[in-house]
Amino acid sequence: MKRSRRRSLRLGLRYVAAIVLTLMFLFPIYWLFMISFKTADEIFSYPPVWWPESLQFGSYVVLFKDGDAATVGNSLIVAGVSTALAMFLGTICAYSLARFKTGGENLANWIISQRMVPPVAIVFPVFLLYVWFGLVDTYFGLILLYTAFNLPYVIWMMRGYILDIPIALEQAALVDGYSRWQVLWKVVFPMCRAGLFATAIFTFVFAWNDFIFALVLTRTEVTTYTVQVTHYFGGQSNLWAKISAMSVLGTVPIFIVVAFMQKYLVRGISLGAVKG
Amino acid sequence: MSAAGTIKKPQLAEQGFKYQLIAPSIFVLLLIGIFPLVYLLIVSFQGITMMDNDTSFHGLRNYAALFGDTRLWEALLHTLLFTAIALPLELILGLLMAQLFIDHLPGRQVFVALLVLPVVIAPIVSGATWSLMFDNRFGPINQIIGWLTGEEATLLWTISPDLVYPAILVAEIWQWTPFMFLLLLAALSGVDKSQLEAASIDGAGYWRIFFRIVLPAIWPVMAVAILIRGLDLFRLFDIVWALTRGGPGTMTETISIFTYVKGFQQFETSYTAAVALIIIILLSLVVFLALRRVGLSR
């Protein structure tokens, strides 16, 4: 009896700790979101107000009227197309690494190490080349860089997923007279569908959240939402409403996507170290 | 780990096909990886600046200048400082959080789903969020400090030299502790429970069990987490950019910010090329060796 009371007390304490902790981690997100629904007076009231009198959508209306919201569309195009490209090229490459041991572990390690280099060091020469070829501020230029930067991740993750599926089916398909491409298309891809899906989502999020590549390689035409947020920085603080509304527009899609991804989250962010 | 990968089936290994599959990826990687590297090498031997498009051969002048550039070394120092403080804190906090959630706790999935949200936010957005939080007048941080101390707080978090480091570290740790938490929670769930019980029956204390059984069991995952976060911290840019832009002065300038400022604001093209080249070569090497050690590819 006494023991079970102690146990439920312990559980209660852990609950309290868990709730406090979660609230602490969510508070900044709450604050960011809430500012976008405040009036200017509420944003700049002292002491700060923790909840708005009523939900105002004025900040969003302004973003859509000025066309700033279109930068979310740019993010969508750039992240979407580069994800599709990286997924296709990366997955077939991963298949070769996984099944034929092409290049051995060294090639696999070299590929993933390409992703760990500081983006600023990569984007500098790329920028110089893009100026030369007229690719600055074009969809193509940004998509090419995101594809290249995300390829290592796709190859790495898909290699792991492909290694997880049994090879026997592919052999059987070959015996049945499938061509090698048919084996890939009709056996391998369907077998690692979940992995393809999860990897694609993460690839998309990386491109979507990138700041420095877009900062350097865009001007006005293909500005992504992350760069747009920083356009409101500094100087006049009356742009807070825009900072927060723009950030919310860019963040909500990710939250929605990730909500469906819980199962694959650990594997995705740990570069496959945790099979989860 | 799957056994399938190790079964040798010569009929599958058709030479042409295997290279056909990797060719496009390798092409793109070389295009963005090697081509710029060669270009960097050439430019770094020249003398291009904003004023002067001097493409004559300057030898190692830019590389020699690296050694005398105190701003560069300070940027490196700042970067290492951020890493040395943030990484252990994220690791320990993440581990503590994982311990809190490892035992049965109804509704755990909901907590975990909410706790990982900071990880998926764009770093530049979380930097922006914290700059709103830290505002000396209209931000809630000073307000809360005011409540706790009983007197009005007017701390200039993103301006005052004593406070910029704590401010950046708070934002950084807020965003990435959940990353550690998630990975370590998964690793801890994999620890063999019966082994823990056996040790506990044998009278081993909490710490003894932790260091002898738990830590070795979760180490492979922990090593990967440390590697990923360490490399991320080394290229720290977005959060600092949003909060301080490297200021006040160059006090919080990281290697990435230094490179950006030199290359894209001061247009010291050839010098920046030398910096970028060194960074790329050193880091590729470090990562390559570290990965082989950690054995992530197996």
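Read-outs: derived from the displayed coordinates by stated rules, not from any lab. The structure displayed is predicted, hence computed values, not measured ones. Heads up, the Cβs are rebuilt from the backbone with ideal geometry, glycines too, and the neighbour counts pull from every protein chain shown.
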Fill in: Where GluC sites (Glu not before Pro) in DSSP loops with at most 15 other Cβ within 10 Å are excluded, longest remaining stretch of chain A
A:54-220
Worksheet item: Toward the positive end of the charge dipole of chain B, about the Cα centre and with charges on Cβ (Lys, Arg +1; Asp, Glu -1), which of B:119, B:145, B:198 goes farthest?
Response: B:198
Discussion item. Tell me the relative contact order for chain B as a rounded percent, counting alpha carbon contacts under 8 Å between residues six or more apart.
Written reply: 29 percent
Worksheet, complete the sentence: Of the residues A:85, A:15, B:34, the Cα lying farthest along the dipole of the protein assembly as shown towards its positive end, which is defined by charges on the beta carbon of Lys, Arg, Asp and Glu, belongs to A:15
Practice prompt. Quantify how strongly other chains surround peptide A:5-12 by giving the mean number of their Cβ atoms within 10 Å of each of its Cβ atoms.
Written response: 1
Response to the item:
Per residue, the convex hull enclosing the alpha carbons of the protein assembly as shown has a volume in Å³ of 189 Å³
Practice prompt. Quick one: give the max-minus-min coordinate of the C-alpha atoms of the range A:128-188 along each principal axis, largest first, in Å.
Written response: 51, 23, 14
Worksheet item: For the range B:78-265, what is the Kirkwood hydrodynamic radius in Å, using each pair of distinct C-alpha atoms?
Response: 18.4 Å
Fill in: Fraction in percent of alpha-carbon pairs per bin - 5 Å, chain A
1, 5, 10, 12, 13, 12, 12, 10, 8, 7, 5, 3, 2, 1, 0, 0
Response to the item:
For the range A:1-147 the mean separation of alpha carbon contacts under 8 Å (6+ apart) over residue count, i.e. relative contact order in percent, is 18 percent
Worksheet entry | HN-Hα J in Hz across the range A:58-65 - Karplus 6.51, -1.76, 1.60, θ = phi - 60°, x for Gly and Pro | x, 4, 6, 4, 4, 4, 6, 5
Response to the item:
Relative contact order of the range A:63-269 (C-alpha contacts under 8 Å, at least 6 apart) in percent is 33 percent
Worksheet item: Between their Cα atoms, which of A:242/B:262; A:263/B:18; A:101/A:275; A:263/B:193; A:101/A:186 are more than 25 Å away from each other?
Response: A:242/B:262; A:263/B:18
Worksheet item: Within chain A, what's the longest stretch lacking trypsin sites (Lys or Arg not before Pro) that sit in DSSP loops with no more than 14 other Cβ atoms inside 10 Å?
Response: A:1-218
Fill in: Environment charge of residue B:46, counting only residues whose C-beta is closer than 12 Å and scoring Lys/Arg +1, Asp/Glu -1
-2
Item to complete: Kindly write out, for the range B:240-252 in residue order, the coupling ³J(HN,Hα) from the Karplus curve 6.51 cos²θ - 1.76 cosθ + 1.60 (θ = phi - 60°), rounded to whole Hz, with x marking Gly and Pro.
Response: 5, 4, 5, 8, 10, 6, x, x, x, x, 10, 5, 10
Practice prompt. Work out the mean other chain Cβ neighbour count within 10 Å for the residues of A:46-52 and drop it here as an integer.
Written response: 4
Worksheet item: For B:237-250, what's the mean count of beta carbons from other chains sitting within 10 Å of each residue's beta carbon?
Response: 2
Fill in: the protein assembly as shown, helix-only ellipticity at 222 nm - DSSP H runs n ≥ 4, -39,500 (n - 2.57), divided by all residues, nearest 500
-23000 deg cm²/dmol
